[in-house]
Ligand SMILES: Nc1ncnc2c1ncn2[C@@H]1O[C@H](COP(=O)(O)OP(=O)(O)OP(=O)(O)O)[C@@H](O)[C@H]1O
Ligand SMILES: [Mg+2]
């Protein structure tokens, strides 16, 4: 027990210093008033949270949830088949494919996002190609809208979804699927009743990942959404840096942290429950001997 | 009994490896058939060909007269019990057994009745609500068995069904397996690398070596009349004495003529004799071989004696049954005389 504590100490220290302490500071700030010229007036108040519930903020909040949820679902729909296909490959090829999946991360996030602007704008590659081929007359509105934001978020986070799902699917092995076939199950039934339920931990991990990163993201909504659809991340950003209202920014930030923790907690429970099922752990009990 | 399952000249290759090499065999209605062989000889592959998971490169698989070689695994009236059981970890024992019936469209009361019956058959009724990780190895094995049996397949394939169990549970489950097979009348094809298990359970055995069938016979035949050294060595304990056959008699160099059956072609050969068929006496009276006791071990009832013989590289092992006049008197270095009946020895050419 003592040794375990010692081994965990560096990790726990890191978490405490860089996560828990800042969160507590944010929470403390959120309970005070803003000064007239920025800064903080140390008068305790719940006003920031009341304002967060007002219709303006609530709308942005709901928009953010909708966009993040859409990105999550699309990323899962794109990532699952890809992860499944990779897990079916011969071992050595699996590694190569996973490296390819992660390849975009070797370039800068901003550069990749700007590349999408080049592709999506009215004179961009896609619109010009389609116009050139005579498929469309007017350029399609591909950029500076919700579609572009979702696309950017999905593009950025799909590799993580693939990794999370891959580890879950590849751990499953072919035997359970074969058992299902053997018992008369079709490919679809086998997927629905065996593969899918057993990869829920991977799905949950991937989903939480995309959702949490999407809802807090402010670069993609800014660049690809053109500021048309500010998300929670943009709001917090502007409260801190433009409005110089730190207490309000802190209140919004703290709400975001609470949402993330709730999601991560839910996901941890899900995967803990599933890991008990996945592994062959034997509950000790007297062996029943047939008479 | 009519022929139920026919494997005709089946070959399965994995790249350069020929896992199953032109195998032909027949399983009859209601038979308990064992596929026996050392690790890596192709037992699992052969079973997977029958189940429909590995399309054979050559040959046909026939079931009850119909060709099922091209039939998909989920359409074959054949079920496989996996070596690792492959129980669905997210379903209870009941759910696991029900799964195959649900695939056939069985529902409601009928489903419950048949699943309950199947669980009762393997004495697992009280564990119906448990998930696999809450069951012991032996209990999982029973659930896997119930899951396959509930489908009432024409043939049940079992891949090392008792391999994961400890010795005691294993012996008990052997009896259970045999009982289930007799009660249901379903033909069982059991893969094992345990020769004792095959001898105890099977009506007939196919002995495999490196993808080929060495011998296909009843346990008695396999034990008494092995066709080559591999078969003789794989099944039970066997003494081998190298020598030559000349004019229908077996001669061992430095020892002379030994009792052996007639009618074997001349040439180099080995004489094989089971330890329990070696007679041990403390007087010469016409015995074939003289030797010296090297050691004797008490095995619960019987005594195993190692007898060193001049000009033989290895001692001859003899098994003295309980009550044998010498069984309690053998001492190290003692002179003994060995003999056996000619028709109990086997002459092996390869
Ligand atoms: N999917 C596969 N790909 C390549 N080689 C395989 C594959 N399956 C089996 N083999 C090879 O075929 C041969 C026979 O394997 P198989 O699993 O049938 O043996 P087995 O008799 O069941 O052995 P064991 O008693 O160890 O289970 C082995 O050499 C094995 O390495
Ligand atoms: Mg095997």
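Computed quantities for the displayed model
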read-out: Cα-based helix-to-principal-axis angle, B:137-149 vs chain B, degrees rounded to 10; value: 60 degrees
read-out: Diffusion coefficient, µm² s⁻¹, Stokes-Einstein with Kirkwood Rh over alpha-carbon pairs of the stretch B:70-177 at 10 °C and 1.306 mPa s; value: 113 µm²/s
read-out: FRET efficiency, 1/(1 + (r/R0)^6) with R0 45 Å, evaluated for residue B:24 and residue B:112 via beta carbons; value: 0.60
read-out: Other protein chain Cβ atoms within 10 Å, averaged over every residue that makes up B:228-238; value: 0
read-out: Theoretical FRET efficiency, 1/(1+(r/R0)^6), r = Cβ-Cβ of residue A:51 and residue A:270, R0 35 Å, to 0.05; value: 0.55
read-out: Exposure proxy ranking, count of Cβ atoms within 10 Å, fewest first, for A:157, B:223; value: B:223, A:157
read-out: Within a Gaussian network of chain B (alpha carbon springs, distance under 10 Å), most fluctuating of B:46, B:162, B:320; value: B:320
read-out: GNM result for chain B, Cα springs below 10 Å: residue of B:272, B:287, B:198 fluctuating most strongly; value: B:287
read-out: Percentage relative contact order, chain B, counting C-alpha pairs under 8 Å, at least six apart; value: 16 percent
read-out: Cα long-axis angle, helix B:108-121 against chain B (0 to 90 degrees, to the nearest 10); value: 20 degrees
read-out: Residue order, fewest to most surrounding Cβ atoms within 10 angstrom, among A:244, A:273; value: A:273, A:244
read-out: Residue B:183-residue B:341 FRET efficiency (beta carbon distance; Förster radius 45 Å; 0.05 resolution); value: 0.65
read-out: Label-to-label distance, nm, for residues given as residue A:100 and residue A:188 (7 Å Cα→Cβ offset); value: 2.9 nm
read-out: Gaussian network model of chain A, Cα within-10 Å springs - most flexible of A:75, A:207, A:53; value: A:53
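The numbers here are math on the coordinates, done by the rules we state, and not lab data. Nothing here was measured: the structure is a model prediction, and the numbers come from that model. Positions of Cβ are backbone-derived with ideal geometry, glycine not excepted, and every protein chain shown enters the neighbour counts.
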